[in-house]
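Okay, structure first, notes after.
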Amino acid sequence: MAYDFDLFTIGAGSGGVASSRRAASYGARVAICEQGRVGGTCVLRGCIPKKLLVYAAHFTDEWQDAAGYGWHVAPPVHSWPELIAAKNKETTRLEGVYHKMLADAGAQLIEGHAKLIDAHTIEVNGKRLTSANILLAIGGHPVTPKIPGIEHVISSNEALDLPKLPRNIVIVGGGYIAVEFAGIFAGLGASVQMVIRGEELLNGFDDDVRIHLGREMRARGIAIHNRTEITAIKKQGANFSLATKAGGSLSADCVMYATGRLPNTTGMGLAEIGVALQPETGAIKVDDWSHTSVPNIYAIGDATDMLNLTPTAIAEGRALAETLFNNNPICARLEIVPTAVFSNPTIGTVGLTEAEARAQYAAIDVYRTVFRPLKNTLSGRAEKTLMKLVVDRASDKVLGAHMVGPDAPEIIGGLAIALTCGATKAQFDRTIGIHPTASEEFVTLRTKVPDLKAKAAE
Ligand code: NDP
């Protein structure tokens, strides 16, 4: 049967656009359907606008540090509305770039809500179209727990477009989004309280990273209420009162929930045509090749709820286009994926945490340093940088590299190449560092952290 298209992508975010462009470059007839603005979470509601706000917040550190270097700076004044307007201008520009990239690639943009009728038929705006292959790149959305008063809270979507900077904000959640927005709001002058149900921030990250970040965020004036759960939220005039499970209460003029995201898999007819979903999350089940349970339907990115990161969605999308349209079967390798958290201070991490390495290897060595960056000497800033390497004792292979401190994402991005190549600690040691930088510490780590657990077991 002749189909209208070779590939019909649903969702024009980073993954969908990357896959569609790559497929079209090989001559495939490609349509890409989007019900909102082109650009997706990363460009419009996530990575990019968030990082622009992070830059804005970090200027506060620069003003403060400048005094130690002889600058006399009048107390600076920040305009939140000007920042938001500038950010919106940039995301709109990027949206235009995405439109142009799709047009230049020859992919046809179809605006509207797509619904699957069968394995090859899609309905958009009442019109039915057919395609040999369908790619679901439909992203995710923030989720909040069902508690009384939850209608009063904002998510990261609204946080990026608030009409004014909150004076005091409570942020519930301790994941990527929560710590990043805590840094943004605190840096711009708001009083910030975080509420987490566990002991430390950033569940799943290396414990040293979690403890170090929490300590430095507290030192920056952010209150972190751990082992705390919010049971109800009440509006009281211009403020909100939050009741805790332990019987306490918190007050704020803005309440943000960053309690995770779930895939956008409802209302599209997916289950009806046999696309298998995870029962708890609604995530689309896929294999390593992005196949769903329906042979010609594929899914990538946040819709699969595996690694919800832009570069992995792009890698999966491109691998699929190579496989389907360039006779070049590529399975997006996702074993070693570096990640960054744009908290203040920032985090970069790649490979295994110490706990993961201990669980998977017979014996490991840990190298760790905590130091005051050179810049902080004259500025007088007390903040310290943490760096850590986790090494397999038997093979000498570096299993994980973790950093909290200025430029951590940039430094770890480079180290990710070394770990992907399987670098050993001896190869790290043979590498000449650049002086004076923070990154040189990663190639001059000599002293192992005493292995107390192994000692105790002797
Ligand atoms: P995360 O899954 O990272 O964190 C969710 C947080 O909310 C956790 O601290 C979790 O606690 C807490 N939580 C979940 N449910 C509840 C609840 N009912 N009550 C109280 N707390 C709760 O989600 P985010 O929303 O921060 O981010 C979503 C995803 O987006 C991330 O996983 C990441 O992949 C991606 N992202 C990546 C960024 C980057 O690369 N820099 C930036 C932003 C987002 P607990 O740990 O106890 O479960």
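Going highest first, how would you order 403-411, 442-450 by mean Cβ packing within 10 Å?
Result, highest mean Cβ count within 10 Å first: 403-411, 442-450.
Counting residues in the chain as N, plug N into 2.2 N^0.38 Å and put the Cα Rg over that result.
Values: Rg = 23.8 Å, N = 458, 2.2 N^0.38 = 22.6 Å.
So the chain has a normalised radius of gyration of 1.06.
Can you tell me how region 373-458 classifies by the Cα gyration tensor, rounded, prolate or oblate, using a/c under 1.5 as the rounded cut? Show your work: numbers first, answer last.
Numbers: a/c = 2.22, a/b = 1.37, b/c = 1.62.
Judged from the Cα gyration tensor, region 373-458 comes out oblate (a/c at least 1.5, b/c at or above a/b).
Strictly greater than 14 Å: what percent of every Cα pair in region 91-146 meets that?
Working: 1071 of 1540 pairs.
I get 70 percent for the Cα pairs in region 91-146 exceeding 14 Å.
So which trypsin sites (Lys or Arg not before Pro) in region 234-288 pass both tests, a DSSP loop state and at most 16 other Cβ atoms within 10 Å of the Cβ? Before the final figure, lay out each step's value.
Working: sites: LYS234, LYS235, LYS245, ARG261, LYS285; in loops: LYS245, LYS285.
Sparse-neighbourhood loop trypsin sites (Lys or Arg not before Pro): LYS245, LYS285.
Of LYS51/LYS375; LYS164/LYS235; LYS51/LYS448; LYS234/LYS285; LYS164/LYS245, which pairs sit farther than 28 Å apart, going by alpha carbon to alpha carbon? Can you show the working numbers first?
Working: LYS51/LYS375 23 Å; LYS164/LYS235 18 Å; LYS51/LYS448 35 Å; LYS234/LYS285 39 Å; LYS164/LYS245 30 Å.
Violating the 28 Å Cα-Cα cut-off are LYS51/LYS448; LYS234/LYS285; LYS164/LYS245.
Net charge within 14 Å of THR377 by Cβ-Cβ distance, Lys/Arg positive one each and Asp/Glu negative one each, not counting THR377 itself? Please list the in-between numbers first.
Values: positive: ARG372, LYS375, ARG381, LYS384; negative: ASP65, GLU383.
Net of charged neighbours comes to +2.
Kindly rank 152-159, 178-185 from highest to lowest mean number of other beta carbons found within 10 Å of each residue. Numbers along the way, then the final one.
Numbers: 152-159: 18.6, 178-185: 26.5.
In descending order of packing, they fall as 178-185, 152-159.
Short version: ³J(HN,Hα) in whole Hz for each residue of region 49-58, in order, from phi by Karplus 6.51 cos²θ - 1.76 cosθ + 1.60 (θ = phi - 60°), x for Gly and Pro, what are they?
x, 4, 5, 4, 5, 4, 4, 4, 5, 6
Among the chymotrypsin sites (Phe, Trp or Tyr not before Pro) within region 1-110, which fall in a DSSP loop and have no more than 13 other Cβ atoms within 10 Å of their own Cβ? Please report the intermediate quantities before stating the final value.
Details: sites: TYR3, PHE5, PHE8, TYR26, TYR55, PHE59, TRP63, TYR69, TRP71, TYR98; in loops: TYR3, TYR26, TRP71.
Answer in residue order: TRP71.
Please state the relative contact order of region 311-458 as a whole percent: Cα pairs under 8 Å, 6+ residues apart?
Numbers: 232 pairs, mean separation 32.7, N = 148.
Over region 311-458, the number comes to 22 percent.
Figure the gain on full extension for ALA86 and ARG215 (residue separation times 0.36 nm, minus the Cα-Cα span) and round it to one decimal in nm. Kindly include the intermediate steps, with their values, before the conclusion.
Working: separation 129, 0.36 × 129 = 46.44 nm, distance 3.25 nm.
Value of the extension gain: 43.2 nm.
Is the C-alpha gyration tensor of region 79-177 telling us rounded, prolate or oblate? Criteria: a/c under 1.5 is rounded; beyond that, a/b larger than b/c is prolate, otherwise oblate.
Values: a/c = 3.11, a/b = 1.58, b/c = 1.97.
It comes out oblate by the Cα gyration axes.
Every read-out reported here was derived from the displayed coordinates using simple, explicitly stated rules and does not represent laboratory data. Predicted model only: the values in this text are computed from it and were never measured. Because the Cβ atoms are built from the backbone with ideal geometry, glycine has one as well, and the counts that use them run over all protein chains shown.
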